[in-house]
1. What's the magnitude of the charge dipole for the chain around its Cα centre, counting Lys and Arg as +1 and Asp and Glu as -1 at the beta-carbon? Answer in Debye, nearest 20.
2. Can you give me the Kirkwood hydrodynamic radius for region 1-138, using every pair of distinct Cα atoms, in Å to one decimal?
3. Starting from the Cα of D131, step 7 Å along the direction of its Cβ; do the same at E198; then give the gap between the two resulting points in nm.
4. Once R0 is set to 35 Å, what does the formula 1/(1 + (r/R0)^6) return for the Cβ-Cβ distance between T364 and K6, expressed as a FRET efficiency to the nearest 0.05?
5. Please give the FRET efficiency for E91 paired with D225, using the beta carbon to beta carbon distance and R0 = 22 Å, rounded to the nearest 0.05.
6. If each of R233 and R182 carries a label point 7 Å out from its Cα toward its Cβ, how far apart are those two points in nm?
7. What ranking of K352, K146 emerges when the number of other C-beta atoms within 10 Å of each C-beta is taken as an exposure proxy, fewest first?
8. List the lysines whose Cα sits under 19 Å from the Cα of K32, skipping any in the same chain fewer than 8 residues away.
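Where a number appears in this text, it was derived from the coordinates with a stated rule and is not lab data. Keep in mind that this is a model prediction, so the values were computed, not measured. Heads up, the Cβs are rebuilt from the backbone with ideal geometry, glycines too, and the neighbour counts pull from every protein chain shown.
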Amino acid sequence: MSRCYKIAVFPGDGIGCEIIPPAVSVLELMGKRFGCQFAFDEGVIGGAAIDCFGTPLPEESLRMALNADAILLGAVGGPKWEGMPYAVRPERALLGLRERLGLYANLRPARLFPALVNASTLKREVIEGMDLLVIRELTGGIYFGKPRGVEPYDGGERGINTEVYTTPEIVRIAKVAFETARGRRRHVTSVDKANVLEVTELWRRVVSDVHKDYPDVTLSHMYVDNCAMQLIRNPKQFDVLLTTNLFGDILSDEAAMLTGSIGMLPSASMGTDATGVRRAMYEPIHGSAPDIAGRDIANPIATILSAAMMLRLSFGLENEATCVESAVMGVLDDGCRTADIASNGMQTIGTKAMGRRIIEKLATLGHL
């Protein structure tokens with residue numbers, strides 16, 4: 001008898017409510033076709049939760065996340081809540097989930113689908129065949145360091161954020177990078193600013209020390225400003241990019257544009273909570289895009305590919321994950337595009353239609 005996997009679903013704000021349903025439909029279809037059982041429990045977080053409950057991460061939603069085998073999340077935030085104090089903004093829901101669930105490792109693959117080579121602003125010869133993975137430390141660094149805040153200062157105010165990393169935090173994320181690289185092309189590029197930031201001098205030292213246990217993996221170091229340039233100049237030189245919370249946030253968005261659109265990039269956030277239970281949350285790396293919310297033009301592919309990562313990484317369903325990825329590739333090969341990746345001669349379709357096309361393509365695929 002097949003196991004039933006419990007999935008907590010948090011659509012969130014903006015386009016989150018539009019991109020989540022196609023991904024859920026894909027998972028439901030995979031369950032029916034391959035004998036898996038998925039039980040979905042939907043909750044409220046972010047701005048929607050603030051409007052309903054006065055907090056971005058209600059206790060009920062947190063309990064739902066803690067009781068799930070995996071989490072599927074849309075996006076949070078929007079201009080409606082930007083004037084609120086930082087401590088209660090929608091984004092605190094994400095930071096709260098990462099912290100409470102111990103989601104310290106963020107995996108952001110940036111792979112260029114052959115059909116989208118013309119969707120990027122870079123030349124074909126620069127990006128064709130690009131396939132890299134950003135591994136971003138997710139629960140440390142400047143987003144969580146203390147002291148932080150805004151305080152009175154002579155002549156005005158002073159804003160404070162603190163970049164902090166400890167040896168254990170660096171060791172565990174470095175191990176993820178090296179072990180992941182073993183399943184790819186065995187090359188890790190660790191990104192820092194060790195020439196001016198002592199915290200990343202420590203980062204470089206600890207990563208180099210961890211590397212001694214992985215002699216089969218090549219390690220190189222690169223300053224973050226050079227890495228930003230090299231991603232545009234020659235992205236195919238990279239296999240696994242290992243970096244801090246802040247640098248990973250920025251570099252992965254840059255890498256997204258190499259693929260044609262940030263609407264194409266999925267992510268997985270993984271780790272272990274305080275009780276030792278392994279946790280994982282899957283989400284597209286884009287935001288809530290309030291300017292296009294409700295217009296049925298958002299790209300659901302990143303969310304659907306996030307569901308594929310869930311199948312592979314949380315549930316060990318490699319065949320099912322490959323089927324989803326193949327269906328996405330097939331629809332793109334057929335010339336179907338959402339507005340963000342549209343080009344001359346291609347059929348531009350909406351969010352719901354793209355989801356339907358991918359499901360229809362899945363229905364034609366057998367076990368791969």
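1. On the way: 39 positive and 44 negative charges, 164 e Å.
The calculation lands at about 780 debye.
2. With all distinct Cα pairs of region 1-138 included, I get 17.1 Å.
3. Simple spin-label model gives 4.3 nm for this pair.
4. 0.75
5. Values: r = 26 Å, r/R0 = 1.17.
Efficiency, from the Cβ-Cβ distance: 0.30.
6. Taking the simple label geometry, R233 and R182 are separated by 3.3 nm.
7. Details: K352 14, K146 9.
Final ranking by Cβ density, sparse to dense: K146, K352.
8. K6, K361
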